[in-house]
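Written out below as structure tokens is the structure these notes cover.
The values are calculated or read from the model by the stated rules, or taken from the named source; none is laboratory data. Being a predicted model, the structure only gives us computed values, none of them experimental. Neighbour counts are summed over all protein chains in view; Cβ atoms, including those assigned to glycine, are modelled from backbone coordinates with ideal geometry. What goes into the accessible areas is simple: the full protein's heavy atoms, side chains included, and nothing from ligands, DNA or RNA. Shrake-Rupley method; radii C 1.70, N 1.55, O 1.52, S 1.80 Å.
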Amino acid sequence: MSALEVWTFRLLVVVALALFSVQMATRLRLVAAGAQNLRWDRFPERFRQFLVDVVFQARVIRAKPWVGSAHLLVFWGFVAFAGFTAVESLRGLGLLDLTETHWFRSYRVALAPFAVAVLAGILFLLVRRGLFRPPALGQTVSKESILIGVLIATLMVTFLLDLRLEGGAERVNWWVHMLVILAFLVLIPDSKHLHLVLSPVTVFLKSPVLGDVPNLDFEREEVGFETVADLPAKQRLDAFTCVECGRCQEACPAFATGKLLNPKKLILDAQRAMLGGQLDAKLVDVFDDGVLWQCTTCGACENQCPVGIEHVPLIIGSRRGLVSNGEAPDYLGPVFNNLERRGNIWGLTYDQRDKFIASAGVETFDASRHSYLVWLGCAGAFEADYQKSLRALFEILHANGVRFGVLAKERCNGDPAKRTGNEYIFQELATQNAEELRQAGAKKIVTSCPHCLKTLGQDYRRFGLDAEVVHSAVLVSELTSHVHLAKDDEVTFHDPCYLGRYAGHTAEPRALLHRVGAEVKEPVRNRDNPFCCGAGGGLLFEEHESGKRISQERLDQLQATGARRVVTACPFCSIMLKGAQASTQSSTEMVDLISYVNDKLRGEGRGAGG
Amino acid sequence: MKIAVCVKQVLSREATIRVNDQGTWVRDADAQFEINEPDQYALEEALRLKEQHGGEVIAVSAGPARVTQVLREALARGADRAIHVGDDALVEGDAFVVAAALAEAIRPEGVDLILTGLQSDDQGFGQVGVVMAERLGMPHATIIMDVSLADGQVRVKRELEGGWFQWVTLPLPTLLTIQSGINQLRYATLKGIMAAKKKEIRAVRAEGRASEQRIARLYVPEKSKQTRVLEGSAAEIAKELVQALREARVI
């Protein structure tokens with residue numbers, strides 16, 4: 001290389017690095033200015049998710065195997081090329097020339113298949129984006145993405161040509177290759193390709209628990225996120241990491257039913273507000289009108305996100321900021337007052353629960369005699385339909401010799417308050433419930449409500465409850481492993497979000513159904529990626545839902561399986577789907593899982609077999 | 001606009017009620033308490049009036065130290081300050097004694113408007129408000145469904161019987177007893193609760209006045225169930241059933 005070439009290259013490298021650094025500094029400063037909530041605890045779990053989701057790209061591939069695999073090729077190609085780029089840069093800068101070493105020659109040859117793989121991958125992705133473009137990628141072709149795609153392809157072509165070319169042509173080729181790399185450096189920070197740099201960190205920093213919303217610290221006068229400035233570091237990092245793939249948008253039940261909420265836009269709105277210097281803007285103004293209250297907290301967006309963005313804590317955090325100022329939607333006011341005064345969402349008095357317990361003949365929990373504490377929940381105390389399911393659970397437990405009791409008094413576990421951002425009421429309820437459960441000495445708790453499962457099992461850890469909490473589907477599945485009834489029914493199963501997605505219990509309900517003779521016809525969106533029933537996040541209480549009702553959309557999906565019977569395992573899914581069914585007057589039968597199983601066990605197929 | 005709202009602490013509906021040893025009232029020690037529901041609507045109305053017209057809302061409660069809990073709740077919902085009229089004897093005081101104690105505490109404040117709930121969930125006399133108005137020399141109106149302020153006067157809608165309403169205009173200062181359910185209650189916000197910790201609850205002593213009424217005996221109503229089997233031909237049974245239902249005043 002001539003001295004002129006070396007000096008030109010040096011100058012260009014300095015300029016490119018400066019442009020890169022300035023743009024990066026803006027973003028990193030913004031992240032650093034947020035309240036510190038970057039967590040490094042639970043290292044093994046975090047390392048595991050880094051390995052699975054970054055190194056092996058599992059989340060990218062799982063939902064979209066073709067696109068994901070193409071991306072895997074490009075990703076691994078990039079990693080493989082790191083050494084090559086470093087060596088060529090060192091030579092270009094005139095610092096050190098390793099290009100004639102034996103190992104570099106071998107490395108170059110070994111890179112050839114990677115280059116072909118990247119080329120294949122990127123061409124596939126370019127064609128998909130440019131010609132077919134799924135709606136989630138946006139209304140128009142992103143010019144930036146096409147440019148980046150072409151640059152990547154150019155890098156690979158120039159690399160492959162380099163293996164063949166000699167003399168002047170080789171020099172030109174070298175310059176093209178290096179200029180593209182420098183251009184790339186300059187383009188990255190202000191594009192979605194910043195995920196190349198940030199996503200490995202974001203994935204590592206993501207909570208190992210889906211929808212993990214830490215408590216507010218009242219001592220430090222925390223009230224939730226009110227303005228853009230209130231966004232903590234992880235939420236800021238999330239906003240800059242977004243790769244705009246739109247998988248969250250595709251998974252979101254609110255977006256799918258014509259509501260304004262789009263999880264992807266939510267994240268990008270936060271990014272835009274930060275880069276636009278609107279730190280004092282209220283989040284409620286930064287986001288589209290009303291979208292914060294359209295989220296069911298089903299967790300589909302967060303669970304789909306390949307780059308580790310946590311949408312649920314952002315939404316709940318922003319709700320908290322509103323609720324702390326008395327700006328919750330009107331329909332939540334009575335719910336909050338009911339929870340505060342009566343300890344349940346319906347504002348009823350607990351003598352109904354007492355009557356139910358008395359008529360079901362259930363004992364008060366006594367740690368010396370009972371192995372399980374059955375947590376009834378709001379629905380168990382007050383919802384007649386759901387009480388049938390609990391009676392079925394009691395019968396199954398009795399029949400299998402499981403000794404159990406219930407608390408003499410219970411309050412709502414606080415899930416509706418937690419997910420709607422009323423942290424004050426949540427902590428009041430959680431503190432009292434956790435204390436009473438501890439005092440009762442319960443080591444194992446079983447509940448039929450997936451929301452109680454998540455709240456008691458995970459959120460209550462922060463209130464000192466360390467009892468094992470299981471869903472009745474899991475316990476009953478363990479108790480009935482010997483049962484094998486002949487197939488005599490076809491059903492479809494609606495996975496509750498808080499059971500299938502949050503808790504990962506997808507096999508147990510199916511095993512149970514299979515065992516009692518029911519063949520499960522799977523609906524679209526099943527197992528750990530179910531389509532929400534529309535009840536979560538306080539939307540059970542919403543009066544007027546814009547767009548199509550989420551419950552109706554889900555019922556349609558379930559009916560499309562052709563099964564006459566819909567089985568579910570959550571009192572709130574039950575309420576929503578029954579509501580949708582009543583308004584369409586369909587003949588589909590709604591059954592709770594445990595009721596269904598118990599009927600089959602008792603009648604050996606006569607009861608519910610029909 | 002200076003508004004005083006009287007809030008009473010009553011037994012919680014969730015509480016298990018036990019009669020005290022003298023058989024005159026409920027055993028305090030193991031009871032749970034809450035804010036009297038009708039008073040919540042009075043407080044909400046006061047807060048809304050303040051939001052429209054500016055001014056100050058003062059929550060006032062009479063009773064032992066435990067009643068400061070309902071004052072804290074009122075402060076958390078937006079009352080500016082509170083007055084605790086302290087006297088343990090007020091728990092068993094009659095409406096006249098309680099009204100006198102509240103009136104003396106409110107008098108020096110020179111308020112424009114006093115709001116109370118229509119009645120209390122425990123005794124349900126519905127008297128404290130009107131007796132207070134009399135003692136303070138103010139006009140009053142009861143069972144109020146709607147309040148609007150204009151030109152130093154207050155126009156209210158009263159609920160009469162049989163679906164009838166009455167509109168009345170009163171001069172200020174005046175006292176209104178508020179019907180439950182006339183507005184949607186706000187919830188206590190985190191910011192309100194934090195702010196409430198810094199707000200003043202001023203304690204005043206009630207002058208010891210003897211009740212003129214006393215509760216002779218308090219007892220839990222007894223429930224009983226009777227089953228009667230009717231026999232005979234269908235016609236006879238039908239006749240007897242109609243007769244029995246008439247006696248039971250079902251039809």
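Dipole orientation for the range A:218-323: of the candidates A:Gly276, A:Phe218, A:Gln249, A:Gln249 has the Cα lying most toward the positive pole (charges on Cβ; Lys, Arg +1; Asp, Glu -1).
With the contact rule set at Cα under 8 Å and sequence spacing of 6 or more, what percent relative contact order holds for chain A? Walk me through the numbers before you get to the answer.
Details: 931 pairs, mean separation 70.1, N = 610.
11 percent.
Among the residues of the range A:308-345, those with an accessible-area drop of 40 Å² or more from chain alone to full protein complex, heavy atoms and 1.4 Å probe, are A:Ser324, A:Asn337, A:Glu340, A:Arg341, A:Arg342. Here, the protein assembly as shown has an Rg and a Dmax of 34.2, 123 Å when only alpha carbons are counted.
Of all accessible surface on the range B:2-205 at a 1.4 Å probe, what whole percent is carbon and sulfur? Before the final figure, lay out each step's value.
Numbers: 4200 of 8700 Å².
Roughly 48 percent, rounded to a whole number.
For the protein assembly as shown, the residue among A:Ala16, A:Trp174, B:Gly232 whose Cα projects farthest onto the positive side of the dipole built from Cβ charges is A:Trp174. Peptide B:180-190 has a mean shielding of 6, counted as Cβ atoms of other protein chains within 10 Å of each residue's Cβ.
Taking all protein chains together, A:Arg272, B:Arg214 sort by accessible area into B:Arg214, A:Arg272, largest first [probe 1.4 Å].
Let me have the 222 nm mean residue ellipticity of the protein assembly as shown computed from DSSP H runs of 4+ only, each contributing -39500 (n - 2.57), with the sum over all residues rounded to the nearest 500.
-14500 deg cm²/dmol
Note that the range B:98-158 presents 41 Å² accessible area per residue, ligands and nucleic acids not counted, probe 1.4 Å. Rounded to the nearest Hz, the phi-derived 3J(HN,Hα) couplings of the range B:211-216 under the Karplus curve 6.51 cos²θ - 1.76 cosθ + 1.60 (θ = phi - 60°) are 5, 8, 10, 9, 7, 6, where x marks glycine and proline. Taking the protein heavy atoms of chain A in the context of the full set of protein chains, the accessible area attributed to carbon and sulfur is 59 percent at 1.4 Å. Protection proxy ranking for A:553-566, A:82-95, B:218-231, using the average of other Cβ atoms within 10 Å per residue and placing the highest first: A:553-566, A:82-95, B:218-231. Within chain A, antiparallel bridges make up roughly 5 percent of the DSSP beta bridges whose residues both belong there. Model label sites at B:Asp146 and A:Val172, defined 7 Å from Cα along the beta-carbon direction, differ in position by 8.7 nm.
Just the number, please: percent antiparallel of the DSSP beta bridges in the range B:2-205, rounded to the nearest 5.
Details: 17 of 45 bridges.
In the range B:2-205, DSSP labels about 40 percent of beta bridges as antiparallel.
Using a 1.4 Å probe on protein heavy atoms only, how many Å² of accessible area do B and A hide from each other, summed over both chains and rounded to 100? Using a 1.4 Å probe, the pair buries roughly 1900 Å². With each label modelled as a point 7 angstrom along the Cα→C-beta vector, the B:Thr169-B:Arg155 pair spans 0.7 nm. A loss of 50 Å² or more of accessible area (1.4 Å probe, protein heavy atoms, ligands and nucleic acids excluded) relative to the isolated chain is seen in these residues of the range B:1-33: B:Glu14.
By Kyte-Doolittle mean hydropathy of at least -1.0 and Cα axial length of at least 24 Å, which whole DSSP H helices of chain A are selected? Before the final figure, lay out the partial values.
Values: long enough: A:3-33 (44 Å, 1.50); A:65-92 (39 Å, 1.00); A:102-127 (38 Å, 1.56); A:143-162 (28 Å, 1.69); A:167-187 (30 Å, 1.31); A:423-440 (25 Å, -0.79).
Both cut-offs are met by A:3-33, A:65-92, A:102-127, A:143-162, A:167-187, A:423-440.
Just check the range A:8-137 against the gyration tensor rule for me: Cα atoms, a ≥ b ≥ c as the square roots of the eigenvalues, rounded for a/c under 1.5, and otherwise prolate or oblate depending on whether a/b exceeds b/c. Walk me through the numbers on the way to the answer.
Values: a/c = 1.56, a/b = 1.15, b/c = 1.36.
Here the range A:8-137 falls in the oblate category.
One quarter of the surface of the convex hull around the alpha-carbon atoms of the range A:218-323 equals 6.4 nm², the direction-averaged projected area. Checking the table A:Lys418/A:Lys443; A:Lys521/A:Lys578; A:Lys409/A:Lys443 against a 22 Å threshold on Cα-Cα, which pairs fail? Over 22 Å Cα-Cα: A:Lys418/A:Lys443.
Quick one: in the range A:484-603, what % of C-alpha pairs are over 23 Å apart? Don't skip to the end; give the middle numbers.
Details: 1819 of 7140 pairs.
That fraction is 25 percent.
At the residue level, A:Glu166 shows approximately 150 square angstrom of accessible surface with a 1.4 angstrom probe and all protein chains present. For chain A, the per residue solvent-accessible surface stands at 41 Å², with DNA, RNA and ligands left out and a 1.4 Å probe. Peptides A:456-464, A:482-490, B:37-45 ranked from most to least packed, by the mean per-residue count of other Cβ atoms within 10 Å: B:37-45, A:456-464, A:482-490. For the range A:216-239, a decrease in accessible area of 30 Å² or greater in the assembled protein chains relative to the isolated chain, with a 1.4 Å probe, applies to A:Phe218, A:Glu221, A:Val223. Computed about the Cα centre, the dipole magnitude for the protein assembly as shown is approximately 1900 debye when only Lys and Arg (+1) and Asp and Glu (-1) carry charge, each at its Cβ.
Label positions at A:Arg438 and B:Asp30, each projected 7 Å from the Cα along the C-beta direction, are separated by 2.5 nm. Strictly greater than 24 Å: what percent of every Cα pair in the range B:2-205 meets that? The calculated P(r) of the range B:2-205 puts 37 percent of pairs beyond 24 Å.
Distance distribution note for the range A:312-397: the fraction of Cα pairs above 23 angstrom is 43%.
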